[in-house]
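Only one structure is covered here, and it is reproduced in the block below.
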Amino acid sequence: MIKAAYIHIPFCEHICHYCDFNKVFLKNQPVGEYLDSLDIEMDLALKEVPASRLDSIFVGGGTPTALNEKQLEKLCGIIKRQLPYDSFTEYTFEANPGDLSEEKLQILHDAGVNRLSFGVQTFNDELLKRIGRSHRARDVFQSIEAAKKVGFDNISIDLIYSLPGQTLQDFKDTLETSFTLDIAHYSGYSLIIEPKTVFYNLMRKGKLPTPGEDVEAEMYELLMEEMDKHGFAQYEISNFAKPGYESRHNITYWDNKWYYGFGAGAHGYVKGLRRSNHGPLKKYMEPIENGQLPILEEHKVPLEEQMEEEMFLGLRKTEGVSISRFKERFGKDPLELFEVQIKQHTEKELIVAGEEHIKLTRRGRFLGNEVFQSFIG
């Protein structure tokens, strides 16, 4: 049963220097036609695999809130018409600080959106400029205050550390500032330099002064310590929440469950098939005009791969992989199936295998990628 949906809105007013997501500059783009295509795609997909009431809907990008009020209203109308959800569904919109007028916030709230995720990244205005962000620290406070005024009480922000030129003190200052916001959820990610980004090109030219691995590890340690100190439980490698405010949508991914993926470049996992859509707008919209789903790739996940995914996705969670759930799902004991990897990482004190769960140790969180990689055949 599919209980989650991801919807991709690929438009941005500015392109950040580190971003490799599927996105285009908003200006002069066929936004209305794109939303029409999204509407038809949802219709086609839901006829193929009908949905029951969804536990989570996540609208990401790009920057969904870069749409104007009329376009935003149209998008929310499409989602309301196509997807079965109610007031108990976690319904998230990604937002850029400074993009959200009171009218846009009201449109989202009236449509049933009950969670906002702001891409804050840092409160250092110089760093924001350096990484290509269009907002400044003051915009974060104004946007969050405006969101609360409209009635949003489930608000998350993203922070990035190990930015070019960032010091440990810079990151400490950002964390201290962020705790004054009175919000329920934080995501903290180390900068990953991806191909086809501004930062990647600068790195290749030797013009990207990143803090280095040791400082990055200190920043992650600081992140975990400060979150714990301020009452935010770490429920996944990069995510922290007040009790009851964990992201249900992201847990869908880490629990290796099925979910719809709608929009240009979106990924979905439906009935054992991992699918990805065409990314360029024209290539995404053309098959839809002919009554076909805009699928670029489709991969039927074999049992062995499903079990590997269950391990490396589940290990991202603080609680780890449930042994009983693994047995119930696959009819095999993960302690036997992955005996070699578990023994290897237990000896290195990177994971601990108890009677109920296999999970990363605190040390293992710093070397998570090394652990995850070992479970991929």
### Query
Tell me, what is the per residue accessible area of region 1-148 in Å², probe radius 1.4 Å?
41
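Mind checking the per residue accessible area of region 185-256 for me, 1.4 Å probe, whole number of Å²?
Per residue, region 185-256 has an accessible area of 51 Å².
Please quote Rg/Rh for region 25-83 to two decimal places, taking the Kirkwood radius as Rh and restricting both calculations to Cα atoms.
Across region 25-83, the Cα-based Rg/Rh ratio is 0.98.
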### Query
Cα-Cα over 32 Å: which of Lys27/Lys129; Lys148/Lys205; Lys148/Lys229?
Lys148/Lys205
### Task
Leaving out ligands and nucleic acids, note down the accessible area per residue over region 320-374 with a 1.4 angstrom probe, in whole Å².
61
### Task
Name the residue, out of His267, His185, His299, whose mean-square fluctuation peaks in a Gaussian network model built on the chain with Cα pairs under 10 Å.
His299
### Query
Short version: ³J(HN,Hα) in whole Hz for each residue of region 185-196, in order, from phi by Karplus 6.51 cos²θ - 1.76 cosθ + 1.60 (θ = phi - 60°), x for Gly and Pro, what are they?
8, 9, 10, x, 10, 7, 5, 10, 8, 9, x, 6
### Summary
With N residues in region 94-238, Rg(alpha-carbon) / (2.2 N^0.38 Å) equals 1.09
### Summary
GNM on the chain, Cα springs under 10 Å; top mean-square fluctuation among Gln169, Gln292, Gln82 goes to Gln169
### Query
Can you give the charge dipole size of the chain about its Cα centre, rounded to the nearest 20 debye, using +1 on the beta carbon of Lys and Arg and -1 on the beta carbon of Asp and Glu?
620
### Message
Considering only protein heavy atoms and a probe of 1.4 Å, how much of the accessible area of the chain is carbon and sulfur, as a whole percent?
### Response
49
### Task
Could you go through region 360-377 in sequence order and give the Karplus-derived ³J(HN,Hα) for each residue, using 6.51 cos²θ - 1.76 cosθ + 1.60 with θ = phi - 60°, rounded to whole Hz, and x for Gly and Pro?
6, 7, 4, 5, x, 5, 6, 10, x, 4, 4, 5, 4, 4, 5, 8, 9, x
### Message
Among Gln71, Ala266, Thr92, which residue has its Cα furthest toward the positive end of the charge dipole of the chain, with +1 on Lys/Arg Cβ and -1 on Asp/Glu Cβ?
### Response
Gln71
### Accessible area (Å², 1.4 Å probe, nearest 10) - Leu293
40
### Message
Suppose we keep just the alpha-carbon trace of the chain; what are its Rg and Dmax in angstrom?
### Response
20.8, 58
### Query
What number comes out for the charge environment of Ser324, summing +1 per Lys or Arg and -1 per Asp or Glu over other residues with Cβ under 13 Å away?
-2
## Note on the structure
Taking placed amide H atoms and a strict 5 Å upper bound, the residues 5 or more places from Thr361 or on another chain that come that close are Ile351, Val352
#### Entry: Other-chain or far-sequence residues with amide H under 5 Å of Phe262's (modelled H)
Tyr6, Ile7, His8
## Note on the structure
A correct Kirkwood calculation over the Cα atoms of region 320-374 returns a hydrodynamic radius in Å of 11.3
## Note on the structure
Amide H proximity to Tyr161 below 5 Å, modelled H, separation 5+ or other chain, gives Tyr189, Ser190, Leu191
### Query
Within the chain, what percent of beta bridges assigned by DSSP are antiparallel, to the nearest 5?
40
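The values are calculated or read from the model by the stated rules, or taken from the named source; none is laboratory data. Here the structure is a predicted model, which is why all the values come from computation and not from measurement. Note: ideal-geometry Cβ built from the backbone for every residue, glycine included; neighbour counts use all protein chains shown. Accessible surface areas use protein heavy atoms only, side chains included; no ligands, DNA or RNA. Shrake-Rupley method; radii C 1.70, N 1.55, O 1.52, S 1.80 Å.
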